[in-house]
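One structure is given here, and the rest of the page talks about it.
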Amino acid sequence: MFLIDDDPLTLVDAGPNAGTSLDELERGIASLGHTLEDIELVILTHQHIDHLGLVSLVASRSRAEVAAIDVAVPYVENFALEAQADDDFAGELMLRHGIPEDVAAALKSVSSVFRAWGGPVKVTRPLRDGEALALRDRTLHIHHRPGHSPTDTVFHDRERRLLIAADHLLSHVSSNPLISRPRDGSDERPQALVHYLDSLAATRRMDVDLVLPGHGDPITEHRELIDRRFELHRRRADKIQRLLEERSRSAYEIAQALWGNVAVTQAYLTLSEVLGHLDLLTNAGRARERRQDGRSLFEARPAHPF
(Lines give C-alpha, C1' and ligand atoms only; values in the text may rest on other atoms or scores of the structure.)
Protein backbone atom coordinates (compact mmCIF):
# COMPACT_ATOMS: atom_id res chain seq x y z
CA MET A 1 0.00 0.00 0.00
CA PHE A 2 1.16 3.54 -0.75
CA LEU A 3 -0.04 6.84 0.66
CA ILE A 4 0.31 9.86 -1.65
CA ASP A 5 0.39 12.98 0.52
CA ASP A 6 -1.35 15.31 -1.91
CA ASP A 7 -4.76 16.80 -2.49
CA PRO A 8 -6.72 14.62 -2.42
CA LEU A 9 -4.93 12.45 0.16
CA THR A 10 -4.66 9.23 -1.84
CA LEU A 11 -4.23 5.60 -0.84
CA VAL A 12 -3.06 3.13 -3.48
CA ASP A 13 -4.54 -0.31 -2.74
CA ALA A 14 -5.78 -1.36 0.66
CA GLY A 15 -4.60 -4.87 1.48
CA PRO A 16 -6.67 -7.97 2.29
CA ASN A 17 -9.74 -7.86 4.49
CA ALA A 18 -8.06 -9.00 7.70
CA GLY A 19 -7.66 -7.45 11.13
CA THR A 20 -3.87 -7.55 11.02
CA SER A 21 -3.90 -5.75 7.67
CA LEU A 22 -6.21 -3.05 9.00
CA ASP A 23 -3.98 -2.56 12.06
CA GLU A 24 -0.91 -2.24 9.85
CA LEU A 25 -2.66 0.20 7.53
CA GLU A 26 -3.79 2.44 10.38
CA ARG A 27 -0.34 2.39 11.99
CA GLY A 28 1.31 3.29 8.71
CA ILE A 29 -1.07 6.18 8.04
CA ALA A 30 -0.67 7.45 11.62
CA SER A 31 3.13 7.42 11.26
CA LEU A 32 2.67 9.92 8.42
CA GLY A 33 0.45 12.22 10.46
CA HIS A 34 -2.95 11.14 9.16
CA THR A 35 -5.87 8.90 10.08
CA LEU A 36 -7.89 6.48 8.01
CA GLU A 37 -10.73 8.99 8.01
CA ASP A 38 -8.50 11.52 6.21
CA ILE A 39 -8.28 9.41 3.05
CA GLU A 40 -10.06 11.16 0.17
CA LEU A 41 -9.25 8.85 -2.76
CA VAL A 42 -8.44 5.15 -3.02
CA ILE A 43 -6.83 3.91 -6.23
CA LEU A 44 -7.03 0.19 -7.06
CA THR A 45 -4.25 -1.32 -9.15
CA HIS A 46 -6.00 -4.62 -9.93
CA GLN A 47 -8.66 -7.09 -8.85
CA HIS A 48 -6.79 -9.45 -6.51
CA ILE A 49 -8.00 -9.80 -2.94
CA ASP A 50 -4.69 -8.84 -1.32
CA HIS A 51 -5.09 -5.40 -2.93
CA LEU A 52 -8.82 -4.66 -2.75
CA GLY A 53 -9.99 -6.42 0.43
CA LEU A 54 -10.13 -3.38 2.74
CA VAL A 55 -11.25 -0.82 0.18
CA SER A 56 -14.92 -1.01 1.17
CA LEU A 57 -14.06 -0.44 4.84
CA VAL A 58 -11.72 2.45 4.03
CA ALA A 59 -14.30 4.08 1.77
CA SER A 60 -17.09 3.70 4.32
CA ARG A 61 -15.05 5.20 7.17
CA SER A 62 -13.46 8.01 5.18
CA ARG A 63 -16.12 8.62 2.48
CA ALA A 64 -13.26 8.45 0.00
CA GLU A 65 -13.83 8.12 -3.71
CA VAL A 66 -12.73 4.81 -5.24
CA ALA A 67 -10.90 4.81 -8.58
CA ALA A 68 -10.17 1.76 -10.75
CA ILE A 69 -9.63 1.13 -14.43
CA ASP A 70 -12.89 0.57 -16.30
CA VAL A 71 -12.23 -3.11 -17.07
CA ALA A 72 -11.98 -3.79 -13.32
CA VAL A 73 -15.29 -2.16 -12.40
CA PRO A 74 -17.58 -5.19 -12.96
CA TYR A 75 -15.26 -7.39 -10.94
CA VAL A 76 -14.82 -4.94 -8.07
CA GLU A 77 -18.49 -4.06 -7.79
CA ASN A 78 -19.75 -7.68 -8.07
CA PHE A 79 -16.94 -9.37 -6.20
CA ALA A 80 -18.69 -12.49 -4.90
CA LEU A 81 -20.40 -13.40 -8.19
CA GLU A 82 -17.28 -12.68 -10.23
CA ALA A 83 -15.05 -14.66 -7.88
CA GLN A 84 -17.42 -17.64 -8.00
CA ALA A 85 -17.47 -17.52 -11.81
CA ASP A 86 -13.67 -17.42 -11.82
CA ASP A 87 -13.53 -20.44 -9.51
CA ASP A 88 -15.94 -22.37 -11.74
CA PHE A 89 -13.82 -21.57 -14.79
CA ALA A 90 -10.64 -22.56 -12.96
CA GLY A 91 -12.17 -25.87 -11.90
CA GLU A 92 -13.06 -26.81 -15.47
CA LEU A 93 -9.64 -25.70 -16.72
CA MET A 94 -7.83 -27.80 -14.10
CA LEU A 95 -9.75 -30.94 -15.02
CA ARG A 96 -9.22 -30.40 -18.74
CA HIS A 97 -5.47 -30.17 -18.25
CA GLY A 98 -5.01 -33.25 -16.10
CA ILE A 99 -5.30 -32.09 -12.50
CA PRO A 100 -7.03 -34.85 -10.50
CA GLU A 101 -10.60 -34.19 -9.37
CA ASP A 102 -9.75 -34.36 -5.66
CA VAL A 103 -6.97 -31.79 -6.04
CA ALA A 104 -9.20 -29.47 -8.08
CA ALA A 105 -12.02 -29.78 -5.53
CA ALA A 106 -9.66 -29.05 -2.64
CA LEU A 107 -8.31 -25.95 -4.37
CA LYS A 108 -11.83 -24.66 -5.05
CA SER A 109 -12.63 -25.06 -1.35
CA VAL A 110 -9.50 -23.14 -0.37
CA SER A 111 -10.35 -20.39 -2.86
CA SER A 112 -13.85 -20.00 -1.41
CA VAL A 113 -12.31 -19.50 2.04
CA PHE A 114 -9.81 -16.96 0.71
CA ARG A 115 -12.72 -15.06 -0.81
CA ALA A 116 -13.48 -13.68 2.66
CA TRP A 117 -10.34 -11.53 2.29
CA GLY A 118 -12.02 -9.62 -0.54
CA GLY A 119 -15.27 -7.74 -0.90
CA PRO A 120 -17.29 -5.52 -3.23
CA VAL A 121 -17.03 -1.76 -3.41
CA LYS A 122 -18.63 0.91 -5.59
CA VAL A 123 -16.16 2.46 -8.04
CA THR A 124 -16.99 6.17 -8.13
CA ARG A 125 -14.18 7.18 -10.53
CA PRO A 126 -13.72 4.77 -13.44
CA LEU A 127 -10.33 5.25 -15.10
CA ARG A 128 -9.35 4.62 -18.70
CA ASP A 129 -6.14 3.49 -20.32
CA GLY A 130 -4.15 6.46 -21.59
CA GLU A 131 -5.91 9.05 -19.46
CA ALA A 132 -4.36 11.11 -16.67
CA LEU A 133 -5.41 11.43 -13.03
CA ALA A 134 -4.59 14.94 -11.79
CA LEU A 135 -3.85 15.58 -8.13
CA ARG A 136 -2.82 19.00 -6.82
CA ASP A 137 0.95 18.47 -7.02
CA ARG A 138 1.31 15.62 -9.53
CA THR A 139 -0.32 13.91 -12.45
CA LEU A 140 -0.55 10.13 -12.68
CA HIS A 141 -0.76 8.74 -16.20
CA ILE A 142 -2.84 5.56 -16.38
CA HIS A 143 -1.67 2.51 -18.31
CA HIS A 144 -3.50 -0.82 -18.55
CA ARG A 145 -0.97 -3.67 -18.25
CA PRO A 146 -2.87 -6.99 -18.39
CA GLY A 147 -1.08 -10.25 -17.72
CA HIS A 148 -0.69 -10.94 -14.02
CA SER A 149 -4.41 -10.20 -13.94
CA PRO A 150 -6.73 -8.88 -16.66
CA THR A 151 -7.03 -5.57 -14.81
CA ASP A 152 -3.43 -4.71 -13.85
CA THR A 153 -2.91 -0.96 -14.01
CA VAL A 154 0.26 1.08 -13.53
CA PHE A 155 0.43 4.78 -12.68
CA HIS A 156 3.24 6.89 -14.11
CA ASP A 157 4.38 10.13 -12.51
CA ARG A 158 6.38 11.48 -15.44
CA GLU A 159 7.76 14.50 -13.61
CA ARG A 160 9.23 12.38 -10.82
CA ARG A 161 10.09 9.52 -13.22
CA LEU A 162 8.26 7.18 -10.84
CA LEU A 163 6.00 4.23 -11.64
CA ILE A 164 3.50 2.67 -9.24
CA ALA A 165 3.48 -0.82 -10.72
CA ALA A 166 1.80 -3.02 -8.08
CA ASP A 167 2.18 -6.69 -9.09
CA HIS A 168 2.98 -5.97 -12.73
CA LEU A 169 6.72 -5.99 -11.92
CA LEU A 170 8.30 -7.44 -8.76
CA SER A 171 11.97 -7.41 -7.86
CA HIS A 172 12.28 -10.81 -6.16
CA VAL A 173 10.07 -13.06 -8.28
CA SER A 174 8.44 -13.13 -11.71
CA SER A 175 4.77 -12.16 -11.46
CA ASN A 176 2.62 -15.19 -12.13
CA PRO A 177 0.46 -14.71 -15.26
CA LEU A 178 -2.71 -16.12 -13.76
CA ILE A 179 -5.22 -17.42 -16.27
CA SER A 180 -8.65 -15.91 -15.79
CA ARG A 181 -11.90 -16.59 -17.57
CA PRO A 182 -12.56 -14.78 -20.86
CA ARG A 183 -14.39 -11.49 -20.42
CA ASP A 184 -15.73 -11.25 -23.97
CA GLY A 185 -18.16 -14.16 -23.73
CA SER A 186 -16.01 -16.44 -25.87
CA ASP A 187 -14.82 -19.93 -25.03
CA GLU A 188 -11.20 -19.10 -25.84
CA ARG A 189 -8.84 -19.24 -22.87
CA PRO A 190 -6.99 -15.91 -22.56
CA GLN A 191 -3.25 -16.17 -23.20
CA ALA A 192 -2.18 -14.54 -19.95
CA LEU A 193 1.60 -14.90 -20.37
CA VAL A 194 1.48 -13.62 -23.95
CA HIS A 195 -0.40 -10.54 -22.74
CA TYR A 196 1.99 -10.17 -19.81
CA LEU A 197 5.10 -10.18 -21.99
CA ASP A 198 3.51 -7.57 -24.26
CA SER A 199 2.76 -5.47 -21.18
CA LEU A 200 6.33 -5.84 -19.91
CA ALA A 201 7.65 -4.71 -23.30
CA ALA A 202 5.51 -1.56 -23.05
CA THR A 203 6.78 -0.87 -19.53
CA ARG A 204 10.36 -1.42 -20.65
CA ARG A 205 9.99 1.52 -23.04
CA MET A 206 9.00 3.87 -20.22
CA ASP A 207 11.52 6.35 -18.81
CA VAL A 208 11.41 5.80 -15.05
CA ASP A 209 14.01 5.89 -12.29
CA LEU A 210 11.99 4.18 -9.57
CA VAL A 211 9.33 1.46 -9.70
CA LEU A 212 7.17 0.86 -6.63
CA PRO A 213 5.92 -2.76 -6.67
CA GLY A 214 3.03 -4.30 -4.76
CA HIS A 215 5.38 -6.65 -2.88
CA GLY A 216 9.06 -6.47 -2.05
CA ASP A 217 11.69 -3.80 -2.57
CA PRO A 218 11.54 -0.80 -4.94
CA ILE A 219 13.14 -1.29 -8.36
CA THR A 220 15.72 1.11 -9.79
CA GLU A 221 16.78 -0.68 -12.99
CA HIS A 222 13.51 -1.73 -14.55
CA ARG A 223 14.85 -2.44 -18.04
CA GLU A 224 17.52 -4.82 -16.78
CA LEU A 225 14.97 -6.60 -14.60
CA ILE A 226 12.49 -6.92 -17.46
CA ASP A 227 15.22 -8.31 -19.71
CA ARG A 228 15.92 -10.96 -17.05
CA ARG A 229 12.22 -11.82 -16.98
CA PHE A 230 12.19 -12.21 -20.77
CA GLU A 231 15.19 -14.54 -20.57
CA LEU A 232 13.59 -16.57 -17.77
CA HIS A 233 10.49 -17.18 -19.87
CA ARG A 234 12.55 -18.10 -22.93
CA ARG A 235 14.49 -20.67 -20.91
CA ARG A 236 11.34 -22.11 -19.38
CA ALA A 237 9.68 -22.45 -22.77
CA ASP A 238 12.76 -24.26 -24.07
CA LYS A 239 12.72 -26.60 -21.07
CA ILE A 240 9.06 -27.42 -21.62
CA GLN A 241 9.70 -28.16 -25.28
CA ARG A 242 12.42 -30.61 -24.29
CA LEU A 243 9.92 -32.38 -22.04
CA LEU A 244 7.47 -32.59 -24.93
CA GLU A 245 10.14 -34.00 -27.20
CA GLU A 246 10.38 -36.96 -24.83
CA ARG A 247 6.62 -37.69 -25.06
CA SER A 248 3.21 -36.05 -25.13
CA ARG A 249 2.18 -34.65 -21.76
CA SER A 250 -0.68 -32.84 -20.09
CA ALA A 251 0.00 -29.40 -18.64
CA TYR A 252 -0.27 -30.90 -15.15
CA GLU A 253 2.34 -33.54 -15.97
CA ILE A 254 4.66 -30.79 -17.19
CA ALA A 255 4.10 -28.84 -13.96
CA GLN A 256 4.97 -31.93 -11.92
CA ALA A 257 8.14 -32.46 -13.96
CA LEU A 258 9.18 -28.85 -13.34
CA TRP A 259 8.15 -28.33 -9.71
CA GLY A 260 7.31 -31.71 -8.15
CA ASN A 261 4.86 -31.54 -5.24
CA VAL A 262 4.46 -27.77 -5.61
CA ALA A 263 2.38 -28.62 -8.69
CA VAL A 264 -0.12 -30.19 -6.25
CA THR A 265 -0.13 -27.63 -3.44
CA GLN A 266 -0.04 -24.69 -5.88
CA ALA A 267 -1.77 -26.44 -8.75
CA TYR A 268 -3.53 -23.47 -10.37
CA LEU A 269 -0.49 -21.18 -10.12
CA THR A 270 1.79 -23.74 -11.74
CA LEU A 271 -0.87 -24.70 -14.31
CA SER A 272 -1.16 -21.04 -15.34
CA GLU A 273 2.61 -20.83 -15.67
CA VAL A 274 2.84 -23.97 -17.81
CA LEU A 275 -0.09 -23.05 -20.06
CA GLY A 276 1.43 -19.61 -20.60
CA HIS A 277 4.63 -21.14 -21.92
CA LEU A 278 2.71 -23.67 -23.98
CA ASP A 279 0.95 -20.70 -25.58
CA LEU A 280 4.35 -19.26 -26.50
CA LEU A 281 5.44 -22.58 -27.99
CA THR A 282 2.16 -23.14 -29.83
CA ASN A 283 2.11 -19.61 -31.27
CA ALA A 284 5.68 -20.14 -32.50
CA GLY A 285 4.79 -23.46 -34.14
CA ARG A 286 6.90 -25.44 -31.66
CA ALA A 287 4.06 -27.34 -29.94
CA ARG A 288 0.44 -28.27 -30.52
CA GLU A 289 -2.53 -29.24 -28.41
CA ARG A 290 -4.79 -32.22 -29.04
CA ARG A 291 -7.81 -33.53 -27.17
CA GLN A 292 -8.01 -37.10 -25.90
CA ASP A 293 -11.02 -38.33 -23.90
CA GLY A 294 -11.95 -34.76 -23.00
CA ARG A 295 -8.45 -33.91 -21.79
CA SER A 296 -5.77 -31.80 -23.45
CA LEU A 297 -2.37 -33.20 -24.30
CA PHE A 298 0.55 -31.27 -25.78
CA GLU A 299 3.20 -32.54 -28.13
CA ALA A 300 6.30 -31.04 -29.67
CA ARG A 301 6.73 -29.85 -33.22
CA PRO A 302 10.12 -29.27 -34.85
CA ALA A 303 11.90 -26.39 -33.11
CA HIS A 304 11.76 -22.89 -34.60
CA PRO A 305 13.05 -19.67 -33.04
CA PHE A 306 10.50 -17.33 -31.43
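Assorted remarks:
- Using R0 = 30 Å, the C-beta based FRET efficiency linking GLU26 and LEU133 works out to 0.75.
- Approximating the spin labels as points 7 Å out from Cα along Cα→Cβ, the ASP238-to-ARG290 distance works out to 2.8 nm.
- Whether region 75-168 is rounded, prolate or oblate, judged on the alpha carbon gyration tensor where a/c under 1.5 counts as rounded: prolate
- Förster radius 25 Å - calculated FRET efficiency between ASP70 and ALA105, Cβ distance, rounded to 0.05: 0.10
- Each part gets one Cα centre, and for region 17-61 versus region 244-306 those centres are 39 Å apart.
- For the chain, dividing the convex hull volume of the Cα atoms by the residue count gives 131 Å³ per residue.
- Spacing of the two label points (7 Å from each Cα toward its C-beta) at GLU92 and ARG205, in nm: 3.6 nm
- Comparing HIS233, HIS34, HIS277 in a Gaussian network model of the chain (Cα springs below 10 Å), the most mobile by mean-square fluctuation is HIS34.
- Percent of C-alpha pairs per 5 Å bin, region 63-119, short to long: 4, 17, 23, 20, 15, 11, 6, 3, 2, 0
- Within region 17-148, antiparallel bridges make up roughly 35 percent of the DSSP beta bridges whose residues both belong there.
- Cα-based helix-to-principal-axis angle, 101-114 vs the chain, degrees rounded to 10: 0 degrees
- Annotation for ASN78 and ARG161: the two label points, set 7 Å from Cα along the Cα-Cβ direction, are 4.4 nm apart.
- Residue with peak Gaussian network fluctuation, the chain [Cα springs, cutoff 10 Å], from SER175, SER31, SER56: SER31
- 5 angstrom amide H check on PHE2, placed H, neighbours 5+ away: VAL12
- Whole-percent carbon and sulfur share, accessible surface of the chain, 1.4 Å: 50 percent
- Surface accessible to a 1.4 Å probe, ASP184 within the full protein complex, Å²: 120 Å²
The values are calculated or read from the model by the stated rules, or taken from the named source; none is laboratory data. Since the model is a prediction, treat every value here as computed from it, not as a measurement. Using ideal geometry, Cβ is built from the backbone for each residue, glycine included, and neighbour counts are taken over all protein chains shown. The area values use the complete protein model at the heavy-atom level, side chains included, leaving out ligands, DNA and RNA. Shrake-Rupley method; radii C 1.70, N 1.55, O 1.52, S 1.80 Å.
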